[in-house]
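The structure appears below as structure tokens.
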């Protein structure tokens, strides 16, 4: 997988940020993968706050979300990826590419709550994690409502 | 996506680690997503060491790899996921489920080099990052050779 992705990438360009986006279908697959990885991590946190709480498990999940939230996923939305297929057809709405202010707003809200989740997880305070999980999940939903088409 | 995954998860069980694995097809999709997210991050690092070096870009990518490497992905290989379809059919080899010692060895090697990559990335030393990229990539390949079927 890795070498195939790298080769695909090299075929496009050899410089800077543009290259790191890869082919349109790679960019779509990468962003779908990153969101799904965060989905897994959110599921882990939810199971912990609703079931038996394991501090380390929540820290690991929160760290994954934080790292991806801060990774600069905006680069995975190059022009031409408003339509296309990664793992599946992209469900990004056209508004994502035109409403820069709106996208910036939801992205900043998500980043803020993801960073806060990592801080709260480190304390091991289950009640605080539960509250922060709600805030973080709200920023996921806010973006989905505005910029992701329903299935 | 998130709420669907969470519902799928809740349908299985409500306690502890077993629940965090979700349905077999979720576990397979989640692990495929996590590896692909690391593949994106490896591609970003490679482009930086082969092209124009951007310290922040490499740090972001290395942090994603580190967080996922330390997330406890072993939980995404529950019994019954030796076959099955996530985003695509799993390519895990049967040996992954029987050779615990071998899996432990490649997993530990990967973890070590992923943590080292994050440290080296933070220094901004492009030559050292290039060297560490080779070491880290070697641990990816080592696991793929032994435990992942070729396409």
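Give the order of B:131, B:101 when sorted by the count of other beta carbons within 10 angstrom, beginning with the fewest.
Working: B:131 13, B:101 6.
Fewest to most other Cβ atoms nearby, the residues stand as B:101, B:131.
Each other copy places its own label point for residue B:50 at 4.4 nm from this one, sorted shortest first, where the point lies 7 Å along the Cα-to-beta carbon line. What is the list of residues in segment B:41-71 whose amide nitrogen lies under 20 Å from a point 7 angstrom out from the Cα of residue A:115, following Cα to Cβ? Under cut-off, by backbone N: B:55-68. Among B:98, A:139, sorting on how many other beta-carbon atoms sit within 10 Å of each Cβ, with the fewest leading, yields B:98, A:139.
Express the C-alpha Rg of segment B:2-147 as a ratio against the empirical globular expectation 2.2 N^0.38 Å, rounded to two decimals. Working shown, then result.
Details: Rg = 16.5 Å, N = 146, 2.2 N^0.38 = 14.6 Å.
After normalising by residue count via 2.2 N^0.38 Å, the value is 1.13.
Using a 7 Å projection from Cα along Cα-to-Cβ, the label point at residue A:135 is separated from the same position in the remaining copies by 3.8 nm, smallest value first.
Position residue A:83: other-copy label points at 3.9 nm, ordered by increasing distance, label point 7 Å along Cα→C-beta. Here the simple spin-label model places points 7 Å from the Cα toward Cβ, and for residue B:98 and residue B:131 these points are separated by 4.1 nm.
Sorted from fewest to most neighbouring beta carbons within 10 Å, what does the list B:123, B:81 look like? Don't jump to the answer; show the numbers that get you there.
Details: B:123 11, B:81 21.
The fewest-first ordering by Cβ neighbours comes to B:123, B:81.
Calculated mean residue ellipticity, 222 nm, the protein assembly as shown: -23500 deg cm²/dmol, from DSSP H runs (n ≥ 4) at -39500 (n - 2.57) each, averaged per residue and rounded to 500. Between the Cα long axis of helix B:55-69 and the first principal axis of chain B there is an angle of about 30°, rounded to the nearest 10.
Every read-out reported here was derived from the displayed coordinates using simple, explicitly stated rules and does not represent laboratory data. Predicted model, so just to flag it, every value in this text is computed and none were measured. Every residue, glycine among them, receives a Cβ derived from its backbone with ideal geometry; neighbour counts consider all protein chains shown.
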